[in-house]
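Let me begin by presenting the structure, written as structure tokens, before commenting on it.
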There are 2 protein chains.
Amino acid sequence: MATLSSLACPMPIAVNTHIVLGHGSGGKLSADLVRDVFLPAFGNPALNRLDDQASLQMASGRIAFSTDSFIVKPLFFPGGNIGELAIYGTVNDLAVGGAEPKYLSASFILEEGLPLKTLHQIVKSMSDAAARAGVSIVTGDTKVVEKGCGDKIFINTSGIGVIPAGLTLSASLVEPGDHILLSGPLGEHGITILSQREGLELGGELKSDTAPLHKLAQAIIKASPQARCMRDLTRGGLSSALNEIAASARVGIEINERSIPVRETVRGACELFGLDPLYVANEGKLIAIVPASESSATLAAMRLVDTGSESTDIGVITEAHAGLVTMRTALGTMRVVDMLAGDQLPRIC
Amino acid sequence: MATLSSLACPMPIAVNTHIVLGHGSGGKLSADLVRDVFLPAFGNPALNRLDDQASLQMASGRIAFSTDSFIVKPLFFPGGNIGELAIYGTVNDLAVGGAEPKYLSASFILEEGLPLKTLHQIVKSMSDAAARAGVSIVTGDTKVVEKGCGDKIFINTSGIGVIPAGLTLSASLVEPGDHILLSGPLGEHGITILSQREGLELGGELKSDTAPLHKLAQAIIKASPQARCMRDLTRGGLSSALNEIAASARVGIEINERSIPVRETVRGACELFGLDPLYVANEGKLIAIVPASESSATLAAMRLVDTGSESTDIGVITEAHAGLVTMRTALGTMRVVDMLAGDQLPRIC
């Protein structure tokens, strides 16, 4: 390790400008980091107590609990950064469960040598994102690994949301005849990350769709009292979400390529890279499955929310070919949309 | 990266024996990992739904919420492994808040090339540990980073516990005259990890104290209706916990070296490495601060629990020298026990 470490990090590391192993020791440097970096950005009554756990008052009822670790590379990209992604990712996992996101934890694995300035920037983004999503960061943790044993920064967020009384969303509720509503164009996050990594200029307007979906999800629940389920379309894209639902509900799913929005830049990049937009990750898109009778009203309600302004009705649940997702292509032919088999894009979130 | 990667990993990686990037893609390989590794070990009704969030029924009242990432090196050590540590670490953070630990999340950051056999072993340990601690793993996540961008496996666990009605524990409640009770000998976890890393044989009986403290914490709460606060003594050891309490409650703390148990092997190793047992990490020890009137009964109750059988009364809270921790040494002199300044032992948990 010593040799690799000195190769990889020729500059001396100063404790007041860079992360050192001592920042993860639980001693004075750890306390400094909490006082100088985390509390000024995240501070709230629950967190400020600095106990090993947050104490939260809850009403009786159901809560949603979710976790996600974020390892995206690069850390900063057009439209967002790992900090925003870490907040919105967990917020969205709670939101598609029908929950109102309330409390988040934030746990950092920092690599020795990370500039404190970078950490500050990311933490500031997390603070802004949490405010936008209406959540508080109430508890946290920081660990440090040696240079070469991590990759700058990994962030875990876990979250708690409150599920409204009487609401049940589940893929198992999906029935033949239900409609599938998609909240906007596919593939922007994945293609943005990929083009950044490959150093490609794909046109100025391409950026990640990273966004919190709690308002959109609430609008869907309100417009569709019998909404069956929602999914956000992250790793594995639309195809993974649909295949999981088809398998879990033992129904067929038929979607229409013409109804699925994909921006020209993304479509062009997908052709260039040999990718299918159905499999590319999004970070601010969801699908909702609702009864046919509620689909028009729900679609209209989705379009009134900024994160759903380009929503479309992309297909239906069928009794035929249970467990399978099929698509009527733009050419009028049918094809099977299988689950992503290998690894399309590593470290996308 | 390519060069480092090929240097570090000369053997070909097979998808059925080792972790590959595709296991983190959200596609078929991710689903295989969930089906073949995680569900068989962790399975329960909330997790089995495989939604992006667990839905949990809660009674009204206060909950405790905590998070911790685990990066311990080596992964396996006498007395435990990273999997057990990840379960007990979060269980203990909840327990010292007075909560009954109930639900855990588990999020994995795996390095490409990790043998699936190792993952299976760790996951099995987590499952056993969760059963011992009475918690369910209800939601999870897996990410994979390229070889050389992580270190085999990092685990985040976050947890939710239920705080009994009417119970308030807080360092701010600590008062002069209160007693400090310690649940057993110091430094076993830290010294075990260090000796493993240095390849030292320190005697057969040395092993980590990794253990769940929920039963001990419940016994303390029961025996001491006015218990002020509890802390588990992980990174930074006893000194960090006491200094945090002294600062937060603006009181002095006076402990007695003769009352603080340290096993001979640990004491010897500390002398060898130039370490002070007060600063070395534990993973199965706590302190409780209780009113003088309840201290004897609480100490007796602690000794009846297996994880507290060697409990001692190590000192008192004072009005004098607020914010400072002092110790009467075995020689009868007084010394200040300051907060750990640098990094004593990296990657201890």
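Based on Cβ point charges of +1 for Lys and Arg and -1 for Asp and Glu, what charge dipole magnitude is obtained for chain A about its Cα centre, in debye rounded to the nearest 20?
Roughly 480 debye for chain A.
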Legend entry - Position B:Arg132, label points 7 Å along Cα→Cβ, spacing to each other copy in nm (shortest first, one decimal): 4.4
Inset, instruction - Could you pull the copy-to-copy label distances for B:Ser296, with points set 7 Å along Cα to Cβ, in nm to one decimal and sorted shortest first? - result: 8.1
Legend entry - Isotropic mean projected area of the C-alpha convex hull, the range A:133-188 (nm²): 8.4 nm²
Legend entry - Table column - 3J(HN,Hα) (Hz), the range B:290-306, Karplus curve with 6.51, -1.76, 1.60, x for Gly and Pro: 9, x, 3, 5, 10, 6, 5, 5, 5, 4, 4, 5, 4, 5, 7, 8, 4
Legend entry - In range of the label at B:Ala300: residues from the range B:159-185 whose backbone nitrogen is under 19 Å from the point 7 Å along Cα→Cβ: B:179-183
Inset, instruction - First select every other residue whose beta carbon is under 12 angstrom from the beta carbon of B:Thr326; then total the charges, Lys and Arg +1, Asp and Glu -1. - result: -1
Inset, instruction - Report the dimensions of the protein assembly as shown along its three principal axes from the alpha-carbon atoms, largest first, rounded to Å. - result: 90, 56, 41
Inset, instruction - Enumerate the amide H contacts of A:Val162 below 5 Å, restricted to partners 5 or more residues apart or on another chain; note that Pro and chain-start residues carry no placed amide H. - result: A:Ala64, A:Glu100, A:Lys102
Legend entry - For B:Met58, residues with placed amide H under 5 Å, excluding near neighbours: A:Gly61, A:Arg62, A:Ile63
Inset, instruction - Just the number, please: Stokes-Einstein D of the range A:128-265 in µm²/s, Kirkwood Rh from C-alpha pairs, 37 °C, 0.692 mPa s. - result: 178 µm²/s
Legend entry - Within a Gaussian network of chain A (alpha carbon springs, distance under 10 Å), most fluctuating of A:Gly323, A:Gly161, A:Gly148: A:Gly148
Inset, instruction - Report the charge-dipole magnitude of the range B:1-152 in Debye, nearest 20, computed about the Cα centre from +1 at each Lys and Arg Cβ and -1 at each Asp and Glu Cβ. - result: 180 debye
Legend entry - Estimated [θ] at 222 nm from DSSP helical runs (n ≥ 4, -39500 (n - 2.57)) normalised by residues in chain B, nearest 500: -9000 deg cm²/dmol
Inset, instruction - Return a whole-number percent for the relative contact order of chain A, with Cα pairs under 8 Å and 6 or more residues apart as the contact set. - result: 22 percent
Inset, instruction - Using a Gaussian network model of chain B whose springs link C-alpha atoms within less than 10 Å, name the residue from B:Ala95, B:Ala322, B:Ala219 with the highest mean-square fluctuation. - result: B:Ala322
Legend entry - Interface area, A with B, accessible, probe 1.4 Å, both sides summed, Å² nearest 100: 5800 Å²
Legend entry - Largest to smallest principal axis extent of the C-alpha atoms in the range B:21-162, angstrom: 45, 35, 23
Inset, instruction - Classify chain B as rounded, prolate or oblate from the Cα gyration tensor: take a ≥ b ≥ c as the square roots of its eigenvalues, call it rounded if a/c is under 1.5, otherwise prolate when a/b beats b/c and oblate if not. - result: oblate
Legend entry - Percent of beta bridges antiparallel (DSSP, chain B, rounded to nearest 5): 75 percent
Legend entry - the range B:279-349: relative contact order in percent, alpha carbon pairs under 8 Å with at least 6 residues between: 26 percent
Inset, instruction - Take the eigenvalues of the Cα gyration tensor for the range B:171-336, scale each by 5, and report the square roots as semi-axes in whole Å, largest first. - result: 26, 19, 13
Legend entry - Exposure ranking of B:Asp232, B:Asp52 by accessible area [1.4 Å probe, largest first]: B:Asp52, B:Asp232
Inset, instruction - Please compute the net charge surrounding A:Ala227, taking Lys and Arg as +1 and Asp and Glu as -1 over other residues with Cβ under 10 Å from its Cβ. - result: 0
Legend entry - Charge sum, other residues only, whose C-beta stays under 10 Å from B:Ala64's C-beta, Lys/Arg counted +1 and Asp/Glu -1: -2
Legend entry - Solvent-accessible ranking of A:Asp306, A:Asp313, largest area first, probe 1.4 Å: A:Asp306, A:Asp313
Inset, instruction - Would you grab the residues whose amide H sits under 5 Å from the one on B:Ile153? Only those 5+ places off in sequence or on another chain, please, with H modelled 1.01 Å from N. - result: B:Glu111
Inset, instruction - Would you mind telling me which residue in B:Leu286, B:Leu47, B:Leu213 has the biggest mean-square fluctuation in a Gaussian network model of chain B, where springs connect alpha carbons within a distance under 10 angstrom? - result: B:Leu47
Legend entry - Within straight-line cross-link reach of B:Lys147, aspartates and glutamates at Cα separation under 18 Å, skipping those fewer than 8 residues along the same chain: A:Glu111, A:Glu112, A:Glu146, A:Asp151, A:Asp343, B:Glu111, B:Glu112
Legend entry - Using a 7 Å Cα-to-Cβ projection, A:Gly342 label spacings across copies, nm, ascending: 4.8
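The values are calculated or read from the model by the stated rules, or taken from the named source; none is laboratory data. Since the model is a prediction, treat every value here as computed from it, not as a measurement. In this analysis, Cβ positions are derived from the backbone assuming ideal geometry, glycine residues included, and neighbour counts consider all displayed protein chains. Remember, those area values only see protein heavy atoms, side chains included, never the ligands or the DNA or RNA. Shrake-Rupley method; radii C 1.70, N 1.55, O 1.52, S 1.80 Å.
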